[in-house]
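The values are calculated or read from the model by the stated rules, or taken from the named source; none is laboratory data. Keep in mind that this is a model prediction, so the values were computed, not measured. Using ideal geometry, Cβ is built from the backbone for each residue, glycine included, and neighbour counts are taken over all protein chains shown. Accessible surface areas use protein heavy atoms only, side chains included; no ligands, DNA or RNA. Shrake-Rupley method; radii C 1.70, N 1.55, O 1.52, S 1.80 Å.
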Amino acid sequence: MSDLVVVATVMQTPDRETLEVLHDAAVVVRDGAITAVLGPADPGRAEALAAATEVVAIEPPAVLVPGLVDVHLHASQWPQLGSALDIPLEEWLFQHTFPLEARFADVDFAVGVWESLVSGLLSEGTTTAVMFATVHEEATVELARVCGDLGLRADVGRVAMDLPDGTPEWYRDASPSASVEASHRSIQAIEALGGGRSLVRPIITPRFVPSCTDAALTGLGELAEATGVSIQTHCSESDWAHGYVLDRFGLSDARVLDRFGLLREHTVVAHGVQLGTDDLDLLRERGAGIAHCPLSNAYFADSALPVREALDRGVGIGLGSDVAGGFDASMLRQCATAVTSSRMLESGVDPAVAPTSRGRADARIDTTAAFWMATLGGAELLGLPVGLLEPGRRFDAVVLDPTSPGSSITEWPDLDDDARRFERFVRLAGRADVARVWVDGRAVVGDHATLQSR
Ligand code: GUN
Ligand code: FE
């Protein structure tokens with residue numbers, strides 16, 4: 001007996017070098033968990049189909065892929081998506097971002113943004129999102145509630161920021177203890193949501209070292225130790241952010257986070273573009289990892305993350321949209337951009353520099369590695385049993401259908417093989433191609449979706 005069997009061509013990446021294609025696979029789902037993935041000749045398949053409450057047949061050329069995992073975005077920056085990217089990070093925060101985030105003191109405004117964002121993310125095929133909310137407790141807990149209600153798996157963090165020199169007086173926590181206490185209360189409130197909202201976890205969220213006092217960083221590290229709740233922050237994002245931490249502590253950003261007990265298992269550090277090899281090794285030793293945000297990095301980071309090196313050193317890596325430092329919420333676009341930026345890093349970009357010294361050798365990644373980061377890589381970094389359609393994991397999955405109205409993909413049956421079709425899905429599929437989405441076994445986009453019937 002199962003709730004659901006989805007029969008489809010599955011495309012997924014069990015490791016960063018392998019594209020696995022399962023033709024005519026029957027994915028059997030019970031109580032939101034995958035209990036079996038059966039090929040056409042596998043025993044038990046006919047019985048599984050006969051016993052299912054619902055059978056969904058996805059006809060080629062549509063494919064079923066694991067749900068996309070966005071390990072870093074700013075939910076509160078959704079209204080500024082696509083705008084205001086022409087000044088450096090440290091000016092952008094004060095001119096555009098803090099004023100917008102301050103508006104989330106108004107809970108009605110916040111809920112309107114949260115509903116628009118969460119339905120937008122699901123429509124792009126994002127099934128897990130790790131999010132910064134704002135400093136406001138109420139708005140933060142409302143974000144967690146909306147994620148649970150609309151069916152997005154999410155880690156939701158109240159932003160802690162209390163350093164008078166690094167934050168405006170009208171948008172900061174009142175003191176280090178107020179910062180830690182508000183973070184603690186938001187954790188308890190999110191955990192208390194319960195019910196269908198167990199998809200949502202709290203996450204401790206010091207914005208970054210330049211906006212936090214030593215006392216707040218200490219308290220947040222202790223809070224993580226006491227509660228076991230994981231952590232997200234920004235680390236060595238740009239020349240300025242990296243240099244600021246070196247100046248204040250005489251240590252790298254990663255070492256400082258570690259000193260405050262903030263580099264722990266599943267800690268997500270966003271960007272990490274300026275991390276040195278020692279820092280990368282420290283992240284790996286701690287079980288922390290990087291949210292690679294290639295699109296945002298093109299605007300704010302002053303350089304591209306050597307993502308291949310970080311992968312080769314065994315650091316956990318997922319992809320992040322960094323909405324709204326990144327102007328596109330689509331995780332498939334982040335995959336394509338991750339490939340593009342790695343290619344530009346490898347070749348170099350300044351034609352005035354000789355080709356032999358223009359770039360960085362062996363920096364490129366391919367679409368398989370990028371898709372792995374956007375699915376299993378991100379899931380492993382977060383410690384979530386998603387990212388791959390295999391027994392024992394939760395059923396978070398997306399149907400990409402190039403026959404959908406408005407699809408950005410033209411099929412070339414004479415030319416297309418599996419590898420080519422996968423590459424084209426990753427590079428070209430847009431929102432119109434996202435035909436169905438399930439999170440934890442629940443249909444949230446497409447036929448029978450509770451999202452669309454709301
Ligand atoms: N560093 C601190 N805050 C932010 C933010 O909101 N966006 C980005 N990209 N970097 C940050
Ligand atoms: Fe960010």
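Just name the residue that is surrounded by the most Cβ atoms within 10 Å (Cβ to Cβ) out of those in the range 237-275 that are of a type in the set (V, I, T) and assigned to a strand (DSSP E or B). Spell out how you get there, then give the answer.
The first filter runs over the range 237-275 and keeps only residues of a type in the set (V, I, T), leaving 245, 256, 267-269, 273.
This time we only want the ones that are assigned to a strand (DSSP E or B), so: 268-269.
On the way: V268: 29, V269: 27.
Step by step, filter the range 237-275, then rank; the result is V268.
Open to solvent by less than 40 Å² (accessible area, probe 1.4 Å), within 16 Å of ligand 2 (Cβ to nearest atom), farther than 20 Å from V159 by Cβ and in contact with a strand residue (DSSP E or B) (Cβ under 6 Å, 6 or more places away or on another chain), is that true of H234? Working first, answer last.
Details: open to solvent by less than 40 Å² (accessible area, probe 1.4 Å): yes; within 16 Å of ligand 2 (Cβ to nearest atom): yes; farther than 20 Å from V159 by Cβ: no; in contact with a strand residue (DSSP E or B) (Cβ under 6 Å, 6 or more places away or on another chain): yes.
Judged against the criteria, H234 is not a match.
Looking at (1) within 14 Å of ligand 2 (Cβ to nearest atom); (2) of a type outside the set (D, E); (3) open to solvent by less than 30 Å² (accessible area, probe 1.4 Å), which is the one condition that is false for L121?
Of everything listed in (1) within 14 Å of ligand 2 (Cβ to nearest atom); (2) of a type outside the set (D, E); (3) open to solvent by less than 30 Å² (accessible area, probe 1.4 Å), L121 misses just condition (1).
Does at least one position in the range 310-321 carry a residue that is under 23 Å from L81 (Cβ atoms) and either among the polar types (S, T, N, Q) or in contact with a Lys or Arg (Cβ under 8 Å, 6 or more places away or on another chain) (or both)?
Scanning the range 310-321, I find at least one residue that is under 23 Å from L81 (Cβ atoms) and either among the polar types (S, T, N, Q) or in contact with a Lys or Arg (Cβ under 8 Å, 6 or more places away or on another chain) (or both), so the answer is yes.
The rows are residues; the columns are (1) out of contact with any strand residue (DSSP E or B) (no Cβ under 6 Å at 6 or more places or on another chain); (2) of a type in the set (V, I, T); (3) within 16 Å of ligand 2 (Cβ to nearest atom).
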position: W92; (1), (2), (3): yes, no, yes
position: L100; (1), (2), (3): yes, no, yes
position: G125; (1), (2), (3): no, no, no
position: A144; (1), (2), (3): no, no, no
position: S177; (1), (2), (3): yes, no, no
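Hey, any hits in the range 185-193 for a residue that's more than 16 Å from ligand 2 (Cβ to nearest atom), more than 21 Å from S321 (Cα to Cα) and not in a helix (DSSP H, G or I)?
Among the residues of the range 185-193, not one is more than 16 Å from ligand 2 (Cβ to nearest atom), more than 21 Å from S321 (Cα to Cα) and not in a helix (DSSP H, G or I), which makes the answer no.
Confirm whether D328 is more than 16 Å from ligand 2 (Cβ to nearest atom), outside any helix (DSSP H, G or I) and touching a helix residue (DSSP H, G or I) at 6+ places or on another chain (Cβ under 8 Å). Walk me through how you get there before you give the answer.
On the way: more than 16 Å from ligand 2 (Cβ to nearest atom): no; outside any helix (DSSP H, G or I): yes; touching a helix residue (DSSP H, G or I) at 6+ places or on another chain (Cβ under 8 Å): yes.
No: the conditions fail for D328.
Condition first: charged (D, E, K, R) and free of Cβ contacts under 8 Å to residues at least 24 places away in the same chain. Now tell me which residues in the range 45-69 satisfy that.
Within the range 45-69, R45, E47, E59 qualify.
Among the residues of the range 276-316, how many are assigned to a helix (DSSP H, G or I), within 15 Å of ligand 2 (Cβ to nearest atom) and either out of contact with any strand residue (DSSP E or B) (no Cβ under 9 Å at 6 or more places or on another chain) or under 18 Å from V69 (Cα atoms) (or both)?
5
Okay, residues lined up against (1) crowded, with 19+ Cβ neighbours inside 10 Å; (2) of a type in the set (S, T, Y); (3) assigned to a strand (DSSP E or B); (4) within 16 Å of ligand 2 (Cβ to nearest atom):
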position: V29; (1), (2), (3), (4): yes, no, yes, no
position: T35; (1), (2), (3), (4): no, yes, yes, no
position: P43; (1), (2), (3), (4): no, no, no, no
position: E47; (1), (2), (3), (4): no, no, no, no
position: E54; (1), (2), (3), (4): no, no, yes, no
position: Q77; (1), (2), (3), (4): yes, no, no, yes
